[in-house]
Every structure is written in C-alpha cells, then in structure tokens.
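> Next up is a structure, given as structure tokens.
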Amino acid sequence: MEILAISGSLRAVSSNTAVLEAARALAPEGLSITLYEGLAALPPFNPDLDEESLLPEAVRALRLKVGACDGLFISAPEYAHGMPGALKNALDWLVGSLEFPEKPVALINTSPRAVHAQGQLVEVLSTMSANLIEEAFLTLPLLGRGLDAEGIAADEELSADISAALYAFKAVLR
C-alpha cells in the first residue's frame, strides 16, 4: 500500500515534514510512505487552466501521484488560525480531478493548540469527497521541542502514537 505524505509547510526545517518523515521510518510492513515535494512548485490555482490541455505540468504530476497512491497523510501548520495558503492551493488544484474523490486521508497535527487549520482541513477535504479516516488522525505535542524526524521516531511516546495511527490507517485500507 502506497501512502502519499503532504506537508503543508514550505519551511526547510519543519516539524510537519519531520513527523511525516518519522512516519515513513515507522511504517509497518506492507505500507510505503512517499513524501510529496512539489508543493512550492504549484502555480496559483486558476480555474481557466483546469482542463487537460492547459493543465500546468506541476499540477499534472500532483494529480498523477494522488491517483497512484492508496491514501494520503497530510500534516500542516496553522498560520493566523488557518491552513497554509500553499496547501489550500494544492487542494484547490485537486478539486476538479478525478483522482481525489473517496481517497482515504488522515491528518497529523503537530501542535495541540492548532485547532483552526485542522478544522478547515476537515471542512475542505469533506467538501472534496475525501474518505477521512478519523481513527488515524493524530495530534502530537511537538511545539517547541525542536525534534527532527529521527528524534520523533526515537521518542517512545511519539513513535507509539504514530505507529498506532499507521496501523489504524492500514487496517482501513485492507
């Protein structure tokens, strides 16, 4: 089973990206996680370009990756009580795609204080007909801890929570 992991953060050192990399390292047998690295390359959403002959190459590549995966993990920071614009832009490009509807999605939140972005993601993804796998949703207390992917995976409590979410997600995909 192939999972596409999308970090909503463009920061070079991001706890959202680090937790997805830790999840990749902790993935159980039979579950492969690939980190999507094209978020910054997506052009601003333009409905005039949302047809096959005009679709920007970066958008076409995103849609192909989404279509090829069995599910998505999304981890995003909260900026000004909302989801990051780059992530919303990516989701806007997926609205008109045939690859996204009913795709299983789990959300990872790296700060218990960040509730607004999570709520917005649930609303937007529900509107997009995502199959939200709530039993695999995860909120981790990473704020201010400065952990990289290795540190997250090595932390007994964090790795146990991530592993439980991965197993819950895998169980739904069977």
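Rule-based calculations on the coordinates, nothing more; no lab input. Just so it is clear, the structure is predicted and the values come from calculations on it, not from any experiment. Note: ideal-geometry Cβ built from the backbone for every residue, glycine included; neighbour counts use all protein chains shown.
> Could you say whether any residue in region 136-144 is of a type in the set (Gly, Ala, Ser), under 21 Å from Glu21 (Cα atoms) and either part of a helix (DSSP H, G or I) or touching an Asp or Glu at 6+ places or on another chain (Cβ under 6 Å) (or both)?
yes
> Still on this structure: Of all the residues that make up region 102-127, how many are polar (S, T, N, Q), assigned to a loop (DSSP other than H, G, I, E, B) and surrounded by fewer than 21 Cβ atoms within 10 Å (Cβ to Cβ)?
1
> Any chance you could count how many residues in region 1-40 are loosely packed, with under 14 Cβ neighbours inside 10 Å and farther than 16 Å from Val66 by Cα?
Number satisfying all stated conditions: 7.
> Mind listing whichever residues of region 44-80 are among the aromatic types (Phe, Trp, Tyr), under 14 Å from the mean Cα position of the chain (by Cα) and surrounded by fewer than 17 Cβ atoms within 10 Å (Cβ to Cβ)?
none
> Now, a different point. For residues in region 81-101 being of a type in the set (Gly, Ala, Ser), within 23 Å of Asn16 (Cα to Cα) and touching a residue at least 40 places away in the same chain (Cβ under 8 Å), which is surrounded by the most Cβ atoms within 10 Å (Cβ to Cβ)?
Ala90
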